[in-house]
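Here the structure is laid out as structure tokens; the discussion comes afterwards.
The values are calculated or read from the model by the stated rules, or taken from the named source; none is laboratory data. This is a predicted model, so every value here is computed, not measured. Every residue, glycine among them, receives a Cβ derived from its backbone with ideal geometry; neighbour counts consider all protein chains shown. Each accessible area value is taken on the protein alone, full model and side chains, heavy atoms only, with ligands, DNA and RNA left out. Shrake-Rupley method; radii C 1.70, N 1.55, O 1.52, S 1.80 Å.
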Amino acid sequence: MAVEPVGSLNRTDGGLRTALVLTTVGLAAALLAPVLAPGDPSALGEAGARLAAPSSVHWLGTDPLGRDVLARLIHGARVSLLVGWVSVLAAMLCGTVVGMAAGLGPRRLDRALMALTDLFMSFPRIFLVLLLVSVSSPSLLLIMVVLGLTGWMSVARLVRAETLSLKQRDYIAAARGLGLTPLQVAWRHILPGLWPTIIVAATLRVGGAILTESFLSYLGLGVQEPTVSWGGMIQMGRGILLDGWWVATFPGIALAVTVIGYNLLGDGLRRRLDPRRQGGGQHD
Amino acid sequence: MLPWLARRLFQSLLLILVLATVVFAVVRLAPGDPLNRMVDDETGAADQALIRTRLGLEGSLVQQYGRWLRGVLQGDFGLSLRQQRPVADIVAEAVGPTLLLTASAYALHLLLAVTAALIMSTRPGRPADHWLQGVGLALYSVPGFWLGLMFIMLFSRYLGWLPAGGMASPDAPFMGPGARALDVLHHLVLPMATLALGAFMGTARYLRAALDDILAQDYILAARARGIPERRVLVHHALRNALLPLITLLGLSVPFLLGGALVVEVVFGWPGMGRVTIEAIWARDYPVIMATTVLTGAAVVLGSTLADLLYRWADPRLRLPDLGPAEGRSTGGR
Amino acid sequence: MTDTGRLLQVRDLRVAGPGPGPGPALLRGVDLDLAPGERLALVGPSGCGKSLTARALLGLLPPGFVWSGEICWRGSTLRDPGSDAWRQVRGHGLGLILQEPLTSLNPVLTAGGHIAEALRVHRGLGRREAHDETLGLLAETSVPDPARVARSFSHQLSGGLRQRVLLAATLACRPTLLIADEPTTALDVSVQKEILILIDRLCRERGMALLFITHDLSLVPLLAERVARMEDGRIVTTCPASAVPLPARPVVSLVPDEIPAPVLVGRGLTVTYPELAAPAVAGVDLELQPGRAIGLLGESGCGKTSLGRALAGHVRRSAGQLTLAGAEFPAADRSAARSQRRRVQLLFQDPGASLDPRQTVGAALAEAAGANGADPAALLAEVGLAAGLVNRYPHQLSGGQRQRVALARCLAPAPSVLIADEPTSALDADTRNQVLELLLGVMARRGLALLLVSHDLEVLQDVCDEIQVMYGGLIVERLPGGEAFAPCHPYTRQLQAAVPSALRGDPALWAPTPLHPVAGPGSMGGGCPRFGKCPLQKAICGKELPPLKMLSAGYWLRCPEAETEGSSHFIDTL
């Protein structure tokens, strides 16, 4: 009797569970930072406590100014998540409006909007971000606006494609036949069909936004001191990779774990909500 | 085909022109005089006037735009404020290193991606699939600049195997041509690996999805039912069809690659376009920023044009016209 | 021990789908026996496990599926699907043809490439020999111009040709048992007839056994000697094919009556699409009257769906007039057009696609009723459903229930015209008749004008007062349905002769017919759209489009040849 091995299918749920744990921990760290963090992230240590290796006092060591790395790590979650979520929500809102307008509107509007989308997609995102950052002075708000402004194009394309496919369905024709206005059809029948796509796409883009923010802060073009950001922490540890390896290592791990959490969450939601596979990347 | 090609090329050129206009507009229409972002109170009036000339800030905005665009079309991007020499020279020096880095990283990433996709797709749910997915996800989620730093920490500072940055050793000018090439390769290993490792999982996942779709098609079932050996089914039937999504990906990869190269170049001090751009941004050297942004945009447009061209060549459905009206086409609906 | 005289012996075949833990049982103990040269039909409703049985026999279950049981091929038991022994059986022993010939051919390989590959793998032929043998096999499967077809890619071939290429590739391995999984379901009736004849001939000539999988009972006696009926993963009965009853037909009373004044009138309706050279609908006149069922008959691509949607105001017409109760439809004023549109409702082929998956039945009906306040429970009762269904989502309903809900939604705005586009094609035979009877009942009770669009000649003949036959965007014949259905147009007669029950009734029709020559560019030049495919054609047919002429009350014909030659002439030529 021949029996094929069964793939361990429980893993799919495992991925989603891991994702929920990771993202919840990140969110909790950001919200409860003042309570959770061991002390003030900006408090300078005495001369002896500068660049101290991980110990029972400073679990993750201190930086060259004697500030506790763990405390800074927990506070740094605030900037990462705030920038990640706000910029992605802005991009989603913008992309959904443009994508739906292109998919449902007259052909000329579609052409114009897609030409605009193509135009902005012709810049590698980081170049566009840097160009916009270079003409203004760095701030948290600016970073969120710039990441939102440079993130909507791929969403618009995705939403447009999905809208076009939904538009072909018979139930949309049936709804028109019932005398619904185009706006009613869009609101009652198209938008609900888009939700799974939008939710999955948003989740998968949070990681990319967080990474871009951290790179900007690493370059000194993002969030400025005294606000703590993981990218800035890595920048501080860049020159002391051997003597103070903990300064750059831990914020990188925090970034990676957070981004893994959102990527896993996006994948898990996709399996749950959207039977069709979408394309690969979120680094756009 | 030819009229299509002409139209496509014309569209691409138009897009590059519009793109240059957008860059000009962003820099010139941003709130505040670009001059004010560059100078402080101590800059003398004479110097201010000089910078104004260098930036091409004389005359009306339309005149400035016309002057700049004419220059761009002739390959003249003006003078760098920081280095006091033509931007075109600076960029020309940077193109080679970036090409070397991106091309080698792209080749490595493709090799890794195709291998990983084949392994995952032919062994779904097995340990190899799970491991690759896990490792790939981790590499995919790690910040590229941090991964580079970790590599420097491990392979350069701690183990001392590879150089930490730059493109050549200090004594390179005294080496023979063969030794100099080896020296460059030696410097290339870490940046290339950082770029390729960070990028390959995105491609692998995309390819895996395409392969899974293809392997579930009726024609694969039909080929297997004809007793065609599995290896042949994979190579002749599945991979040949996966070539089409791969070509699409080629066009899409250019922006990712150039963006990734910028990150890696900054970390490793690789003297390419990305590093030039960042240094220009730190120095608010607008002529250079505008030049590199326009050029990367143009590279992306050309990449997608090339991918379109390849796609039409590779897909028989687009390459050949129908032979005639097909009677009783199957509908698939019933 | 196993019986070596048997070709195939299957005992207690069980298959479970993927799932966490033990997956759902899809096959639950299938036993099958086939002798060399024997022809067995496997029938049953969709989802009963017919195709899964075929894939299990080939050792080609989808990933994650688990099987158990015994499969014996010529006396030796097959155990490991990945083994060389089983691979040799695939191809050499078992051959497979699938329902959808377009997706069964690799899009980047030529047709000849498929056949040559099988020849080189299984019979070790060289490039040259394989090429010659490829042409021979294409000729054997009645492919006209084999050399050209061998060079073509699948997207360049018609459905019938694709299925022939697939047959040739399968025959290249010289199988002793051919598994045909719904081989004609995706094809038009006239093509279906040719493919059935071909399979019958090949089995006979090569002494191949046949496992013929179909959902259509009427096809069974044409190809099989024995029939096994599957239900829910098991074989429930096996009997001789001759004992299979003809499928039941819907019972509808057609009352020939005074023809009332039309409510929807189309004149010279034309629909063009930018991507198509020829118009999909080319100047059609059509009238729909209250309480009458008009049938629109045609094969795929004839323009019947475009015409139906143009009549409902869903597709913009490029020429012609359309009036609803005397007023221009759709009206120039948008809100007036919307309220007009509510009076002309469309019923779609696939009820799964025509209901919003995120709306409950109650919500869909309430939305459809709008301001007129029709009661969802009353609407459900009218279509024979319980009021308790209002809280269900479409995916919680059966196919028949969904189509009834879709009909109830059409009735909610109290329309005067109902256009039903293949409303029963996605349903199993029993459900089909119930839905048709319901549709006609509703029409009579509400005095609806009904247009029934279908590819199924028998359905339309049974339930329609009048039938219009469409080809190439034109109405070619217009005649009464029911008992009085007596077509003269050569195209309609060809459709009539390809209907399975006609094939079964008349052995003379079951002979190989010469292939119709492929339409050349000559037929595109404004003449009769059937030019190049018609047994009655004269040179003039390629140059002038004949008019649709009324020959007697209720009878119109667009074919001067059929008209002058008289109906007796071409009965023999078909």
Let me spell it out: the conditions are (1) in a helix (DSSP H, G or I); (2) within 14 Å of chain C (Cβ to nearest Cβ), and residue B:204 meets all of them except one. Which number is the exception?
(2)
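Being at the interface with another protein chain (Cβ under 10 Å from one of its Cβ atoms) and of a type outside the set (Phe, Trp, Tyr) is the filter here; which residues of the range A:241-253 pass it?
Once the filter is applied, which keeps residues that are at the interface with another protein chain (Cβ under 10 Å from one of its Cβ atoms) and of a type outside the set (Phe, Trp, Tyr), the range A:241-253 yields A:241, A:242, A:243, A:248, A:249, A:251, A:252, A:253.
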Subset of the range B:207-224 that is surrounded by fewer than 23 Cβ atoms within 10 Å (Cβ to Cβ) and within 9 Å of chain A (Cβ to nearest Cβ) - its residue that is farthest from residue C:58 (Cα to Cα)
B:209
Can you find even one residue in the range C:50-67 that is in a strand (DSSP E or B), open to solvent by 30 Å² or more (accessible area, probe 1.4 Å) and under 24 Å from residue C:182 (Cβ atoms)?
no
Among the residues of the range C:518-533, write down those that are in contact with a Phe, Trp or Tyr (Cβ under 7 Å, 6 or more places away or on another chain) and at pLDDT 80 or above.
C:529, C:530
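Go through A:207, A:148, A:179, A:239 for me and flag whichever is among the small types (Gly, Ala, Ser) and not in a helix (DSSP H, G or I). Spell out how you get there, then give the answer.
Details: A:207 fails: not in a helix (DSSP H, G or I); A:148 fails: not in a helix (DSSP H, G or I); A:239 fails: not in a helix (DSSP H, G or I).
So the residue among A:207, A:148, A:179, A:239 that is among the small types (Gly, Ala, Ser) and not in a helix (DSSP H, G or I) is A:179.
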Just need a number here: residues in the range A:185-196 that are more than 9 Å from chain C (Cβ to nearest Cβ), closer than 22 Å to residue C:372 by Cβ and surrounded by 14 or more Cβ atoms within 10 Å (Cβ to Cβ).
1
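Considering only residues that are within 7 Å of chain B (Cβ to nearest Cβ) and touching a Ser or Thr at 6+ places or on another chain (Cβ under 7 Å), look in the range C:141-161 and name the one that is surrounded by the most Cβ atoms within 10 Å (Cβ to Cβ).
Filtering the range C:141-161 for residues that are within 7 Å of chain B (Cβ to nearest Cβ) and touching a Ser or Thr at 6+ places or on another chain (Cβ under 7 Å), the one surrounded by the most Cβ atoms within 10 Å (Cβ to Cβ) comes out as C:159.
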Just the residues that are open to solvent by 70 Å² or more (accessible area, probe 1.4 Å), part of a loop (DSSP other than H, G, I, E, B) and in contact with a strand residue (DSSP E or B) (Cβ under 8 Å, 6 or more places away or on another chain), please, taken from the range C:212-249.
C:215, C:225, C:232
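Of the residues C:426, C:420, which single one is in contact (Cβ under 8 Å) with a residue 60 or more places away in the chain, crowded, with 24+ Cβ neighbours inside 10 Å, of a type in the set (Gly, Ala, Ser) and not in a helix (DSSP H, G or I)?
On the way: C:426 fails: crowded, with 24+ Cβ neighbours inside 10 Å.
Of C:426, C:420, the one residue that is in contact (Cβ under 8 Å) with a residue 60 or more places away in the chain, crowded, with 24+ Cβ neighbours inside 10 Å, of a type in the set (Gly, Ala, Ser) and not in a helix (DSSP H, G or I) is C:420.
Residues being in a helix (DSSP H, G or I), under 28 Å from residue C:496 (Cα atoms), facing chain B (nearest Cβ under 10 Å) and open to solvent by less than 10 Å² (accessible area, probe 1.4 Å): count how many of those fall in the range C:163-194. Walk me through how you get there before you give the answer.
Applying the first criterion (in a helix (DSSP H, G or I)) to the range C:163-194 yields C:163-171, C:189-194.
With the extra rule that they be under 28 Å from residue C:496 (Cα atoms), the set shrinks to C:163-167, C:189-194.
With facing chain B (nearest Cβ under 10 Å) added as a condition, the list becomes C:163, C:166, C:189-192, C:194.
Now drop any that are not open to solvent by less than 10 Å² (accessible area, probe 1.4 Å), which leaves C:163, C:166.
Count: 2.
Please find, within the range C:82-100, the residue that is surrounded by the fewest Cβ atoms within 10 Å (Cβ to Cβ) out of those that are in a loop (DSSP other than H, G, I, E, B) and facing another protein chain (nearest Cβ under 7 Å). Give the steps one after another, and end with the answer.
Filtering the range C:82-100 for residues in a loop (DSSP other than H, G, I, E, B) gives C:82-83, C:98-100.
Filter again for facing another protein chain (nearest Cβ under 7 Å), leaving C:98, C:100.
Numbers: C:98: 24, C:100: 19.
Ranking the candidates gives C:100 first.
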Are there any pairs, at least 6 apart or on different chains, whose C-beta atoms fall under 6 Å, with the first in the range C:359-382 and closer than 12 Å to residue C:405 by Cα and the second β-branched (Val, Ile, Thr), and if so, which?
C:361/C:390; C:361/C:405; C:362/C:390; C:376/C:390
Which condition from (1) in a loop (DSSP other than H, G, I, E, B); (2) more than 14 Å from every other protein chain (Cβ to nearest Cβ); (3) more than 21 Å from the chain's Cα centre (by Cα) is the one that residue B:124 breaks?
(2)
Selected residue (criterion: nearest to the other protein chains (Cβ to nearest Cβ)) from residues of the range C:69-80 that are open to solvent by 30 Å² or more (accessible area, probe 1.4 Å) and in a strand (DSSP E or B):
C:70
Just one of (1) within 7 Å of another protein chain (Cβ to nearest Cβ); (2) surrounded by 21 or more Cβ atoms within 10 Å (Cβ to Cβ); (3) not in a strand (DSSP E or B) trips up residue C:112, so point out which.
(1)
State which residue is modelled with the highest pLDDT when the search covers only the range C:47-64 and only residues that are more than 21 Å from residue C:177 (Cα to Cα) and away from chain B (no Cβ under 12 Å).
C:48
Residue B:85: passes all of (1) at pLDDT 85 or above; (2) open to solvent by 30 Å² or more (accessible area, probe 1.4 Å); (3) more than 30 Å from residue B:271 (Cβ to Cβ) but (3)
Using the structure shown, decide if residue A:160 is in a helix (DSSP H, G or I), under 30 Å from residue A:131 (Cβ atoms) and open to solvent by 40 Å² or more (accessible area, probe 1.4 Å).
yes
Taking residue C:486 and the conditions (1) out of contact with any strand residue (DSSP E or B) (no Cβ under 9 Å at 6 or more places or on another chain); (2) in a loop (DSSP other than H, G, I, E, B), which numbered condition does it fall short on, given that it satisfies the others?
(1)
The conditions are (1) part of a helix (DSSP H, G or I); (2) under 16 Å from the mean Cα position of the chain (by Cα); (3) farther than 21 Å from residue A:122 by Cβ; (4) more than 9 Å from every other protein chain (Cβ to nearest Cβ), and residue B:247 fails exactly one of them. Which is it?
(3)
Could you grab me the full set of residues in the range B:250-278 that are more than 10 Å from chain A (Cβ to nearest Cβ) and either free of Cβ contacts under 8 Å to residues at least 24 places away in the same chain or under 10 Å from the mean Cα position of the chain (by Cα) (or both)?
B:250, B:251
Which residue pairs have Cβ atoms under 7 Å apart, sit 6 or more places apart or on different chains, and have a first residue in the range A:197-226 that is within 13 Å of another protein chain (Cβ to nearest Cβ) and more than 14 Å from residue A:130 (Cα to Cα) and a second that is surrounded by fewer than 24 Cβ atoms within 10 Å (Cβ to Cβ) and of a type in the set (D, E, K, R)?
A:208/A:284
Apart from one, (1) at pLDDT 75 or above; (2) within 29 Å of residue B:266 (Cα to Cα); (3) within 14 Å of chain A (Cβ to nearest Cβ) all hold for residue B:105; the odd one out is (3)
